[in-house]
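Enquirer: Have a look at this one.
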Amino acid sequence: HEHHPLIFVLFGATGDLAKRKLFPALYSLHKERLLPERFAVVGVARGENTDEGFRSDVLSAVETYARFDVKDQQDWDAFKNRFYYYPLDVKSHEGYTGLKALLERLDHRYQIPGNRIFFLAMAPEFFGTIASNLKKTGFTSTQGWKRLIIEKPFGHDLLSAQQLNQQISEAFAEDEIYRIDHYLGKEMVQNIEVIRFANTLFESVWNNRYIDNIQITSSETVGVEERAAYYEKSGALRDMVQNHMLQMVMMMAMEPPSRLKTEAIRDEKVKVLRSLRRYTPEEVREHVVRGQYTAGRIKGQAVPGYREEPGVDPNSATETFVAAKLYIDNFRWAGVPFYIRTGKRMAQKSTEIVVQFKEMPINLYFNRERTLGPNLLVIRIHPVEGMHLMLNVKRPGTEGGIIPVAMDFCQNCAEGTPEAYERLLYDAMHGDSTFFTRWDEVSLAWKFVDAISAAWETSTSDLAHYTAGTWGPEEANQLLRKDGFHWWPVS
Ligand code: BG6
């Protein structure tokens, strides 16, 4: 890849995402020599600050969260001197002219031909205003290319997502819009494609003839943290299922793309969502479990229940846990349940996918339990990145018997791997939107989710409770038990 000169304009430069993820990711790219030579960052936020003040904020963020230490002063100076600060109230369109003039001065200083990335690390209610102010002030009609990166949530439901999309589409074309789903930047999520499409061994059995079910877990130990205002209205369904969980389903279920080209891959992913069975209210009650945590213990520490968290309604019916059984009604997957579960305040922080293969037609061998365990392919996304395959082998010795063994591959055991945002920022700088979500994906995902939230709105009697620090409500286990399966414990 050639390194394109560009200015990275970061709206929300004093926010949490900038500190925790974006500055550290930019610094890693710098350390890996993956940033363009002709490059500048302009941080935009409401408060007053100077360039130097902003640079020292960047330093403390990098020191706290980055993968690489800041050791060499000269190297750090070379990095930080590219950061500039511009105070702006994004709602009033006056300030934008000054910002535009700053970008033009920087174009000149770094010989940048007007290329821009606008990263909106802000609440989505500002996206429309910012996009239209950028357009009005002439930011979107410069010589170079322009790209818009936006964070989730992309709307609250299909309708609000459509309105949001409408607003940003007035200033940016679809191929200039990069919608982030940071799960798509995770190394092992990207690896799903390679594992599937570069191995005869897996691709030939990747269907309803050989696979019994697929389980996708993304569990967290944190609670709602300081985000009650957002989370109360969102809940786990909108916060995790609409985006991250469905993205993993798509990666597991998609057909091989005709070529490894952005639109070819996205086309195949969208087809999965088109085949995803959309539930009636009765089916929602049968196939979807929602839960909310009550007080419990996480790693020995007592933690409050969701309804006791600051900013949460004491009668809140917001779900902090979702488990669901999904069906993809196409030739490859007909009849294979995809079980997903995600929640806050669960027993362990882990993201993992288990593919459970069908049993042998006849069982010639027995272990102590007189059963033969199925082959499992376990794809580990977080915190361990890797995968293992569970196989049955002979127990050594004369008594015989069968034992399961794991063929194990660990990708990040020896050293750290890039953070999701490193890859995503790099791709956006190079105009590669493969691992960003396209509008039709977003809207189909909302259609699926909206059917569930609509059913939930009619009554909250099915809201189950689970103790913080556990694997969720008992109902989530029953969901699989009805089908003769169980959740494989997270490794
Ligand atoms: C975010 C959600 O999109 O993903 C958070 O808004 C959640 O609620 C986070 O904690 C989980 O991401 P990760 O990478 O830690 O699994």
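Enquirer: Among the residues of segment 353-389, how many are farther than 16 Å from THR217 by Cβ and hydrophobic (A, V, I, L, M, F, W, C)?
Expert: 7
Enquirer: Among the residues of segment 428-466, write down those that are free of Cβ contacts under 8 Å to residues at least 12 places away in the same chain and either within 16 Å of the ligand (Cβ to nearest atom) or assigned to a helix (DSSP H, G or I) (or both).
Expert: Across segment 428-466, the qualifying residue is only GLU457.
Enquirer: Which strands (runs of 3 or more DSSP E) does segment 297-403 wholly contain that include 1 or more residues that are touching a residue at least 12 places away in the same chain (Cβ under 8 Å) and among the polar types (S, T, N, Q)?
Expert: 338-343, 350-357, 386-394
Enquirer: Mind checking which pairs have a first residue in segment 473-491 that is touching a residue at least 40 places away in the same chain (Cβ under 8 Å) and a second that is assigned to a loop (DSSP other than H, G, I, E, B), Cβ under 7 Å, 6 or more apart or different chains?
Expert: Pairs found: LEU480/HIS486; LEU480/TRP487; ASP483/PRO337; VAL490/GLN348.
Enquirer: Right, next: How about segment 134-175: which of its residues are on the phi < 0 side of the Ramachandran plot, in a loop (DSSP other than H, G, I, E, B) and over 20 Å from the mean Cα position of the chain (by Cα)?
Expert: THR137, THR142, GLN143, GLY144, TRP145, GLU170, ALA171, PHE172, ALA173
Enquirer: In segment 221-285, which helices (runs of 4 or more DSSP H) lie fully inside it and hold 1 or more residues that are crowded, with 18+ Cβ neighbours inside 10 Å, under 16 Å from the mean Cα position of the chain (by Cα) and basic (Lys, Arg)?
Expert: It comes to 262-275.
Enquirer: Residues in segment 272-311 that are out of contact with any helix residue (DSSP H, G or I) (no Cβ under 6 Å at 6 or more places or on another chain) and among the hydrophobic types (A, V, I, L, M, F, W, C): how many?
Expert: Here the count works out to 4.
Enquirer: Show the residue pairs meeting these rules: Cβ distance below 6 Å; 6+ apart or different chains; first residue within segment 213-237 and under 27 Å from TRP487 (Cα atoms) and more than 8 Å from the ligand (Cβ to nearest atom); second residue aromatic (Phe, Trp, Tyr) and in a loop (DSSP other than H, G, I, E, B).
Expert: Final answer for the pair search is ASN213/PHE485.
Each row is one residue, and each column tells you yes or no for (1) touching a helix residue (DSSP H, G or I) at 6+ places or on another chain (Cβ under 8 Å); (2) crowded, with 16+ Cβ neighbours inside 10 Å; (3) over 23 Å from HIS93 (Cα atoms).
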{"site": "LEU6", "(1), (2), (3)": "yes, yes, yes"}
{"site": "LYS21", "(1), (2), (3)": "yes, yes, yes"}
{"site": "VAL42", "(1), (2), (3)": "yes, yes, no"}
{"site": "GLY53", "(1), (2), (3)": "no, no, yes"}
{"site": "SER56", "(1), (2), (3)": "no, no, yes"}
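Residue-wise test of (1) farther than 30 Å from GLN166 by Cα; (2) surrounded by fewer than 20 Cβ atoms within 10 Å (Cβ to Cβ).
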position	(1), (2)
VAL70	yes, yes
GLU104	no, yes
ASN115	no, no
PHE127	no, no
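Enquirer: Does LEU184 satisfy the criteria of being out of contact with any Asp or Glu (no Cβ under 7 Å at 6 or more places or on another chain), free of Cβ contacts under 8 Å to residues at least 12 places away in the same chain, at negative phi and not in a loop (DSSP other than H, G, I, E, B)?
Expert: The answer is no for LEU184.
Bear in mind that the values in this text are calculations on the coordinates, not laboratory data. Keep in mind that what you see is a predicted model, and the values were worked out from it rather than measured. Heads up, the Cβs are rebuilt from the backbone with ideal geometry, glycines too, and the neighbour counts pull from every protein chain shown.
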